[in-house]
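The values are calculated or read from the model by the stated rules, or taken from the named source; none is laboratory data. Keep in mind that this is a model prediction, so the values were computed, not measured. Please note: Cβ atoms are built from the backbone with ideal geometry, for glycine as well, and neighbour counts cover all protein chains shown. SASA here: full protein model, heavy atoms, side chains in, ligands and nucleic acids out. Shrake-Rupley method; radii C 1.70, N 1.55, O 1.52, S 1.80 Å.
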Amino acid sequence: MEYLDFELPIKELEEQLEKCVIIGKESDVDVTPTCKEINKKLVETKKEIYKNLTAWQRVQLSRHPNRPYTLDYIRAICGDTFLELHGDRGFKDDKAMVGGLGKINGQSFMIIGQQKGFNTKTRQYRNFGMANPEGYRKALRLMKMAEKFGIPVLTLVDTPGAYPGLEAEERGQGEAIARNIFEMVRLQVPIITIIVGEGASGGALGIGVGDRVYMLENTWYSVISPESCSSILWKSWEYKERAAEALKLTSSDMKKQKLVDDVIPEPLGGAHYDRETTFKTVAEYITKGYNELKDLSTADLIAQRMDKYSNMGEFKE
């Protein structure tokens, strides 16, 4: 397990608990009371730390190297029913964007999401979860296929942003994202979107238009990352914590602003502390969202989706 800077008190207590258990096994000394005391203090410390997280700390948790990624969710929730589909039929297959057919609780879904890597080699292979235009065009191809066969769409968002390279711009990065948003608004099947990690800017919006949009508790969703915001406003990354607070990018902020429909709770410490519980909770929210949408007519589904996004940004002083 890797620890973030604010989690170091937890690391110290877990190491103490581990040593205590080893001493108990290797000697005749009864260390049960000591272990119980350390464990009690560990639980209390975790609760104290995680109930008072700042916006920046939630950003850090969303990027935790042990956090489950899109394919982890797909494999856990769909099992061996997932069939990955490749390519945009125009340029090439983008490894940062994965998609395919899978079953969740007996219901078929077209599942699409950004995929990050877990070590240096796979991070380069997945381009750090930053999709190129062909990735968004692959996603749109799969959505249109789902629409043709009447299959609901599930998108899992986890990206630091769309790839900003010269070659991506030459192939129409902006157009690809805009086209996806345009087509998703009028797609004739239910769309469920879940922010499972980072939800950065147009890179997230390119697969983020949904009838139901959920955020995991320790994720963020914003037009810009705190570091980039800080570098633009203050010409330095040093103010990233201040930028994170100002951007109102956490799940609770987004729910309060009515930009997402609900927040999916995570186990104490984050999704990586108890993956099985996280996967189970996410599957329950997917099923709940689909059950709310499945009986709507196509006209009502699209009308409600358009109203949902048309009403965003309205406020009273």
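Tabulated values for the structure
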item: Selection status of D80, closer than 19 Å to I207 by Cβ, open to solvent by 30 Å² or more (accessible area, probe 1.4 Å) and in a helix (DSSP H, G or I); result: no
item: Answer from L13, L42, L61, L17 - the residue that is over 23 Å from L154 (Cα atoms), in contact with a Gly (Cβ under 7 Å, 6 or more places away or on another chain) and open to solvent by less than 40 Å² (accessible area, probe 1.4 Å); result: L61
item: Qualifying residue in the stretch 106-125 (condition: crowded, with 21+ Cβ neighbours inside 10 Å, over 30 Å from G269 (Cα atoms) and not hydrophobic (A, V, I, L, M, F, W, C)); result: no
item: Top-ranked residue in the stretch 44-93 [being of a type in the set (V, I, T) and in contact (Cβ under 8 Å) with a residue 24 or more places away in the chain; ranked as farthest from T287 (Cα to Cα)]; result: T45
item: Yes/no for A303 being free of Cβ contacts under 8 Å to residues at least 60 places away in the same chain, more than 23 Å from N66 (Cα to Cα) and crowded, with 17+ Cβ neighbours inside 10 Å; result: no
item: Helices (runs of 4 or more DSSP H) (entirely within the stretch 1-67) containing at least 3 residues that are more than 25 Å from the chain's Cα centre (by Cα); result: 8-26, 32-50
item: Among (1) more than 18 Å from G117 (Cβ to Cβ); (2) of a type in the set (D, E, K, R); (3) within 20 Å of the chain's Cα centre (by Cα), the one test that E147 misses; result: (3)
item: So E276, is it surrounded by 15 or more Cβ atoms within 10 Å (Cβ to Cβ) and under 25 Å from I10 (Cβ atoms); result: no
item: Any hit, the stretch 300-311, residues being more than 15 Å from the chain's Cα centre (by Cα) and more than 22 Å from L154 (Cα to Cα); result: yes
item: Qualifying position, being surrounded by fewer than 18 Cβ atoms within 10 Å (Cβ to Cβ), more than 15 Å from the chain's Cα centre (by Cα), closer than 22 Å to I191 by Cα and basic (K, R), among K103, K92; result: K103
item: Enumeration of residues in the stretch 134-166 that are in contact (Cβ under 8 Å) with a residue 40 or more places away in the chain, within 27 Å of R63 (Cβ to Cβ) and among the small types (G, A, S); result: G135, A139, G161, A162
item: All positions within the stretch 166-216 that are of a type in the set (S, T, Y) and open to solvent by less than 10 Å² (accessible area, probe 1.4 Å); result: T193, Y214
item: Count of the stretch 229-260 residues which are closer than 29 Å to Y273 by Cβ and within 20 Å of the chain's Cα centre (by Cα); result: 15
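Residue-by-condition table, conditions (1) of a type outside the set (A, V, I, L, M); (2) under 21 Å from G99 (Cβ atoms); (3) crowded, with 18+ Cβ neighbours inside 10 Å:
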site	(1), (2), (3)
S230	yes, no, yes
L233	no, no, no
L247	no, no, yes
D261	yes, no, yes
